[in-house]
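Each remark here refers to the structure printed beneath this line.
The values are calculated or read from the model by the stated rules, or taken from the named source; none is laboratory data. What you are looking at is a predicted structure, and each value in this text was computed from that prediction instead of being measured. Here Cβ is always computed from backbone atoms with ideal geometry, including for glycine, and neighbour counts include all displayed protein chains. With ligands, DNA and RNA removed, areas are computed over all heavy atoms of the protein, side chains included. Shrake-Rupley method; radii C 1.70, N 1.55, O 1.52, S 1.80 Å.
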Amino acid sequence: LHKLEGPSATYNMPLALRLKGAVDHEALRGALHDVIARHESLRTVFPEADGEPRQAVLEAAAVDFGWRVRPVTADGLAGALRDAAAHPFDLAAEAPVRAELFEETDADGGPSHVLLILLHHIAGDAWSAGRLIRDLAAAYTACREGGTPRWPALPVQYIDYALWQRDVLGDEDDPDSAISRQIAYWRKLLDGAPEELALPADRPRPAEPSYAGGAVTFELPVRTHRALASLATASGASPAMVIQAAVAALLAKHGAGTDIVLGTPVAGRTDETLDDLVGFFVNTLV
């Protein structure tokens with residue numbers, strides 16, 4: 001996707017954290033450096049060799065993560081965050097993480113801070129965000145006290161996972177390999193599935209994706225939630241399965257036919273040794 005579009009903000013993951021109280025700028029910068037040193041995925045670039053991308057892990061000291069402290073007004077904060085979050089990463093040469101500290105003056109004349117950590121999706125997922133923030137908090141506490149973070153060593157790094165996956169799945173050119181068998185399974189299962197959901201729409205699909213979208217929020221009443229949970233229990237299913245069935249039924253009712261193919265995000269962390277890693281593991285299950 002990066003090669004098709006060029007550097008863009010389409011797959012940027014911004015994490016904006018409001019920091020309360022006094023902030024030690026140097027300790028925070030040092031803590032960010034410690035976290036980047038801990039997780040190789042945060043300092044991996046993807047240059048090409050003979051037309052094929054490869055992973056190249058940078059030395060921690062060589063990583064420029066765009067650190068700067070920026071004074072902003074309260075009115076200008078949202079716009080400044082949006083602009084910073086739109087940074088176009090060059091994945092071939094630039095580490096996939098950036099950090100900026102925005103310092104605004106509050107109504108009482110004191111400073112207030114928002115830390116923006118910008119992560120490209122190739123290096124992390126939603127699960128990773130929690131791990132990254134947890135490690136940053138530990139590192140910042142240690143740096144403020146003049147020490148180094150005392151966290152347990154990571155049992156593996158992302159590159160170990162990539163090599164393990166390649167070893168387990170084998171080569172696509174080998175018809176007896178695990179990956180060949182799994183691809184054949186999914187091709188057979190999805191044979192004849194529609195390429196896109198044919199729903200009547202109030203506007204044509206654009207020739208090129210704009211990535212513009214919206215969100216609609218709603219709440220399930222307690223009574224509905226209890227009924228959903230009861231149906232799931234009676235059916236030997238999970239509440240997520242019941243909701244997915246309801247979505248499929250709704251789409252069918254709106255003219256999408258009866259062969260509804262839905263994608264469900266899965267964490268992809270099938271081994272506990274991956275739990276503490278920052279990296280891209282999420283996948284989509286049909």
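Are there DSSP H segments in the chain that both extend 15 Å or more along their axis (alpha-carbon positions) and score a mean Kyte-Doolittle hydropathy of at least 1.6? List them, or say none.
The answer, listed by residue number, is 239-251.
Excluding Ile260 itself, calculate the net charge of residues whose Cβ lies under 13 Å from the Cβ of Ile260, where each Lys or Arg counts +1 and each Asp or Glu counts -1. Mind showing how you got there, number by number?
Working: positive: Lys253; negative: Glu196, Asp259.
That sum, taken over residues with Cβ under 13 Å, equals -1.
So with the 1.4 Å probe, I'd like the accessible area per residue for the chain, rounded to whole Å². Working shown, then result.
Working: 18650 Å² over 286 residues.
On a per-residue basis, the chain sits at 65 Å².
Does the stretch 95-166 classify as rounded, prolate or oblate by the C-alpha gyration tensor (a ≥ b ≥ c root eigenvalues; a/c under 1.5 gives rounded; else a/b over b/c gives prolate, otherwise oblate)?
oblate
Assign one of three labels to the stretch 140-240, namely rounded, prolate or oblate, based on the Cα gyration tensor with a ≥ b ≥ c the square roots of its eigenvalues; rounded applies when a/c is under 1.5, prolate when it is not and a/b is larger than b/c, and oblate otherwise.
Oblate shape, in that a/c is at least 1.5 and b/c is the bigger or equal ratio.
Taking all protein chains as present, what is the carbon and sulfur share of the accessible area of the stretch 144-286, in % to the nearest whole number, probe 1.4 Å?
55 percent
Can you give the log10 of the normalised intensity I(q)/I(0) at q = 0.07 Å⁻¹, computed with Debye over equal Cα scatterers of the chain?
With one equal scatterer per Cα and no solvent, log10 I(q)/I(0) is -0.38.
Quick check: net charge around Arg269, other residues with Cβ under 12 Å of its Cβ, Lys/Arg +1 and Asp/Glu -1?
Within the 12 Å Cβ shell, the charges total -4.
Which order do the peptides 41-48, 195-202 take when ranked by the mean count of other beta-carbon atoms within 10 Å per residue, highest first? Show your work: numbers first, answer last.
On the way: 41-48: 19.8, 195-202: 8.6.
So the order, starting with the most tightly packed, is 41-48, 195-202.
Work out how far the C-alpha atoms of the stretch 194-238 reach from end to end along every principal axis, then list the three figures in whole Å, largest first.
Over the stretch 194-238, Cα extents along the principal axes are 45, 26, 18 Å.
Which net charge results when you count Lys and Arg as +1 and Asp and Glu as -1 among the other residues whose beta-carbon is under 10 Å from that of Arg68?
Its environment carries a net charge of +2.
Shape of the stretch 1-110 from its Cα gyration tensor (a ≥ b ≥ c, root eigenvalues): rounded if a/c is under 1.5, otherwise prolate when a/b > b/c, or oblate? Let's see the in-between values first.
On the way: a/c = 3.62, a/b = 1.71, b/c = 2.12.
Judged from the Cα gyration tensor, the stretch 1-110 comes out oblate (a/c at least 1.5, b/c at or above a/b).
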